[in-house]
Amino acid sequence: MALIERFTGKRGEVGGLPISRALPVVGRRSVGAWCFMDHAGPATLAPGQGMRVGPHPHTGLQTFSWMIEGEILHRDSLGSAQVLRAGQVNLMTAGRGICHSEESLTERLQLAQLWIALPDSSRFGPPRFEHFATLPQLSLGGFAGTLLVGAHGDARSPVPSDTELLGMDLVCAAAAEAALPLAAHFEWGLMALEGELTLQLDDGETASLQPGELLYLAPGQTRLQLRSAAAARLLLLGGPPFPEPLLLWWNFVGRSPDEIRRFAADWNAGQGFGEVRGYDGERLLAPEVPPLRAP
Ligand code: MN
């Protein structure tokens, strides 16, 4: 049986920026607690055509923004106003409810927008916002790594998480190879952001990976070999399979259709999510909630 599953991501647009979405996709809704994975850009926006995402709510998740090129300004209902620059992470914990806006400050933009589902023990906790200006840098064979969340060897990311997680950005400027140890109780998702890579598992199974695809590895693997013949960049995300049912709709993560309908009604009624100050534009209303199936 093949141990590597391949999924085709979806292409779209968020706030004027082209995106490729690797999670959720048909057949794969989460990888550990990672439940949303957008690669936005790389793009050079025309002058005056910035990315603008007006105030919108979140529940039950953390948004994890990893900036690769350019700068964006984040504002939220806690009063945060934070510029996110290349090499930095914004972690916004929605808990029971938060709202925020995002706008670009540069014409050139590239980032990963990831969501982390919160477990029942913290999903109705207080909202909070944290900015991480520097992250541990790793040397992995011919790849330069950034430890986004979790631990690798003696290195530990300062980004906290409520469940066990690993997130790593790997980049090479020319042909490179690396062997990475994998925690056997984790499942894994790999997304190429640039270039083409080859993966090999210890049983000899190999797969190629190109931008726009998600490769999924079920738990049980202890080592992964990566190879690229030229410049490339990828994200490696992992965690133990998330044990609670997840229902994602619009910007909400919940457990049931009733919960999602209540989140949408509260937001549209202006209840429970606070207010973003300083953003010059309208807040985004939740569309009508379609019939949803319990997860
Ligand atoms: Mn958001």
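The values are calculated or read from the model by the stated rules, or taken from the named source; none is laboratory data. Bear in mind that the values here come from a model prediction, so they are computed numbers and not experimental data. Glycine also receives a Cβ, built like all others from the backbone with ideal geometry; neighbour counts cover every protein chain displayed.
Remarks
- Within region 19-42, being surrounded by 18 or more Cβ atoms within 10 Å (Cβ to Cβ), hydrophobic (A, V, I, L, M, F, W, C) and farther than 12 Å from Tyr216 by Cβ holds for Ile19, Ala33, Cys35, Phe36, Ala40.
The rows are residues; the columns are (1) surrounded by fewer than 13 Cβ atoms within 10 Å (Cβ to Cβ); (2) part of a loop (DSSP other than H, G, I, E, B).
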residue: Ser122; (1), (2): no, yes
residue: Thr134; (1), (2): yes, yes
residue: Leu138; (1), (2): no, no
residue: Ala144; (1), (2): no, no
residue: Val159; (1), (2): no, yes
residue: Thr163; (1), (2): no, yes
residue: Gly167; (1), (2): no, no
residue: Val171; (1), (2): no, no
residue: Ala174; (1), (2): yes, yes
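Conditions tested, residue by residue: (1) within 15 Å of the ligand (Cβ to nearest atom); (2) within 22 Å of Ile260 (Cα to Cα); (3) in contact (Cβ under 8 Å) with a residue 60 or more places away in the chain; (4) touching a Cys at 6+ places or on another chain (Cβ under 7 Å).
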residue	(1), (2), (3), (4)
Phe7	no, no, yes, no
Arg28	no, yes, yes, no
Val31	no, yes, yes, no
Gln88	no, no, no, no
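- Residue check for Val83: within 12 Å of the ligand (Cβ to nearest atom), of a type in the set (A, V, I, L, M) and outside any loop (DSSP other than H, G, I, E, B): no
- Among residues of region 133-151 that are under 19 Å from Gln62 (Cα atoms), those with a beta-carbon under 9 Å from a residue that is of a type in the set (Asp, Glu) at least six positions away or on a different chain give the pairs Leu135/Asp169; Leu147/Asp169; Leu148/Asp169; Gly150/Glu164.
- Conditions (1) closer than 24 Å to Leu114 by Cβ; (2) modelled with pLDDT of 95 or more; number of the one not met by Pro295: (2)
- Apart from one condition, Gly95 fits all of (1) over 14 Å from the mean Cα position of the chain (by Cα); (2) free of Cβ contacts under 8 Å to residues at least 60 places away in the same chain; (3) within 16 Å of the ligand (Cβ to nearest atom); (4) under 28 Å from Gly145 (Cβ atoms); the exception is (4).
- Residue list for region 37-60, restricted to those being of a type in the set (A, V, I, L, M, F, W, C), touching a Leu at 6+ places or on another chain (Cβ under 6 Å) and closer than 23 Å to Ser80 by Cα: Ala40, Met51
- Whenever a residue of region 259-270 is within 16 Å of Leu246 (Cα to Cα) and of a type in the set (Val, Ile, Thr), its partners that are surrounded by fewer than 21 Cβ atoms within 10 Å (Cβ to Cβ) and at pLDDT 95 or above, lying with C-beta atoms within less than 7 angstrom and at least six residues away or across chains, give the pairs Ile260/Leu247; Ile260/Trp249; Ile260/Val289; Ile260/Leu292.
- Subset of region 214-258 that is within 16 Å of Asp169 (Cα to Cα) and of a type in the set (D, E, K, R) - its residue that is farthest from the ligand (Cβ to nearest atom): Arg227
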